[in-house]
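Asker: Sharing a structure below in structure tokens format, with a few things to ask.
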Amino acid sequence: MDRALIFVTLGFALFFFIARQGLRMSKARIYEIIIALYTFSCCFTRLYLPVFKAATETEGSFGASVAIWPFYALSVVLIWIIARDRHWRIRRPNLWLFLIFLAYAGYTIANPYDVSRLQTIAAVIYLLAFAVFMYLFANSFSVKNVVNGIFMGLTLTVALHIFLCFLYPVMNMEAAIKLFDVDAVTRNDERAGAVGTMAHPNGLGTYASYYFAFFTACFLTNYKRRMSGIFAGLAFLVIVFSASRSALASIVFSLLVIVVFYVFRRHKILSLQSILKGIVPLGVIIALLLTGPLSFLFSDVDNLDEMTTSRLMHYYCGYEIFEDHPLVGVGLNGHLSYLVENSSAMMFEQIFDAADIFQPEEFMFSNPIHNIWIILVDELGLIGFLPILGFIIWYIATFKRRTKLSQNRYYNILNITGLGMICCMLVQGNSDWNPLTPQALTISLMFIAFSLNRHYAAEEHPEFETVEASKRRAIAERQNEEEKENEEIPVTVLTV
């Protein structure tokens, strides 16, 4: 029933996009509808076709199946677009990125300490297929098509999520939990939380924090400002209904960073201007929200203590894995299987009895570690983790330079969104593993890849050019007019 409902919903979405644009559409509008439909499809956790599943009782954050995802089907469409409309004119791929990916894939598959190699292969195949998809995507559409299409797709995503949030928990219709995922579950505490189209409230909170960053970027760049503000507010409501404290903390941090790095980008990071006009007012608003309407998320002290203790015990498990294999780890997507097979070597009983946790083994051995950074260092080791950490530091440090060099507001939307998603990962990844699920990675890696696309940054659209570019264009036009006026008019002498 869940997959059937997903396809029906996608059919209605396609009809809505076509009806909204009209029958006489340009090629650009058709491209945008394709992008919008794909973006909308990313929010469904059950929209994949398993081809092969590893025989294992535990599943890592990537899952245990080699599956066909929606971007596989879109990749076929992209190849057709490149052949028909681009006449196979595509840019050469970055050789260094290709070699880096091969190095990662090779050493994690060949890892001798990997006890679940099939799960590792499944994760590598997913990442490889998605990398090829991103390459085809960037060669098929302009940055304007991308932003317009993503905006259409995410507005429909927010509308669907807010509707499901009103069904549950507002109207307490528990049947809505399993509409789009028959295996979806909610929490067993007072913070039941909305699930939406995801499998768990934390998954919905993670996804909502990402599209909140996108609509915030649109609002700050004056792209459909009114609609962007409305949908950013609705995205915030989805996070509140999900009751995900980590998602709420992540958007607070991402907002602060975006304000400092973009809104006040012409000032120093800790300048008086940034602090008094940006950080302080935003901090006051957040404090009022947390102590007022949102205080219910933090009122259950017992639940907070239990969740904190459970996570700390899980982090201890991650420390034991890292201590065993600090350099190369235990293989991508394989830390949970390694933990289960080596559980006898850990002093669980003494620690769990002292912590007084109810049935800790069920939590420890059925869920990935609730910290993506511990997961990455356990699965990839220091050799694989340190380059990722270096990339994140480089990405944040070069954000202002990328923004300054670009003369395109469409690209700046992607750039700001990428920064917001990185910030969400930094915060939410410390207490949750959902940022590493395929659904979250599909949208977050897409924006990060687009924000690093030099060709998108170089594209120019006069209707959205920056103030500096507009001034330069006006000066150049005035100089051209003056040069034309100063030209000598040729005189023809007729001789009789």
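Asker: Can you give me the distance in nm between label points at ARG187 and ALA19, each placed 7 Å from the Cα along the Cα-to-Cβ direction?
Answerer: So the two model labels end up 3.8 nm from each other.
Asker: Moving on. I need the calculated FRET efficiency for the pair ILE109 and ALA397, taking r as the beta carbon distance and R₀ as 45 Å, to the nearest 0.05.
Answerer: Using R0 = 45 Å, I get an efficiency of 0.90.
Asker: Using the beta-carbon distance between ALA458 and ILE68 and R0 = 35 Å, what value does 1/(1 + (r/R0)^6) give for FRET efficiency, to the nearest 0.05?
Answerer: FRET efficiency, ALA458 to ILE68: 0.55.
Asker: Then there is this: For the pair VAL170 and LEU99, how long in nm is the line joining their label points, each one 7 Å along Cα→Cβ?
Answerer: Taking the two extended label points, one gets 5.5 nm.
Asker: What ranking of MET152, MET134, MET421 emerges when the number of other C-beta atoms within 10 Å of each C-beta is taken as an exposure proxy, fewest first?
Answerer: So the ranking, lowest neighbour count to highest, is MET134, MET152, MET421.
Asker: Can you pick out the pairs among LYS53/LYS178; LYS144/LYS400; LYS224/LYS400; LYS144/LYS178 whose Cα atoms lie more than 32 Å from each other?
Answerer: LYS144/LYS178, as the Cα separations exceed 32 Å there.
Asker: Quick one: net charge around ALA122, please, counting Lys, Arg +1 and Asp, Glu -1 for every other residue with C-beta under 12 Å from its C-beta.
Answerer: Local charge sum for ALA122: +1.
Asker: If you don't mind, another one. For segment 104-161 and segment 1-76, compute the distance between their C-alpha centroids and round to whole Å.
Answerer: If we compute the Cα centre of each part, the gap is 13 Å.
Asker: Order of GLU459, GLU57 from fewest to most other C-beta atoms within 10 Å?
Answerer: Ordered from fewest to most neighbouring Cβ atoms within 10 Å, GLU459, GLU57 come out as GLU57, GLU459.
Asker: What length, rounded to one decimal in nm, is gained on full extension from TYR315 through to ARG91, with 0.36 nm per residue of separation minus their alpha-carbon distance?
Answerer: Extra length from TYR315 to ARG91 when fully extended: 76.3 nm.
Asker: For segment 356-440, run through the chymotrypsin sites (Phe, Trp or Tyr not before Pro) and keep only the ones in DSSP coil with at most 16 other Cβ atoms within 10 Å of their Cβ.
Answerer: PHE358
Any read-out appearing in this document is the output of simple, stated calculations on the displayed coordinates, not a laboratory observation. Just so we're clear, the structure is a prediction, and the values are computed from it rather than from any experiment. Please note: Cβ atoms are built from the backbone with ideal geometry, for glycine as well, and neighbour counts cover all protein chains shown.
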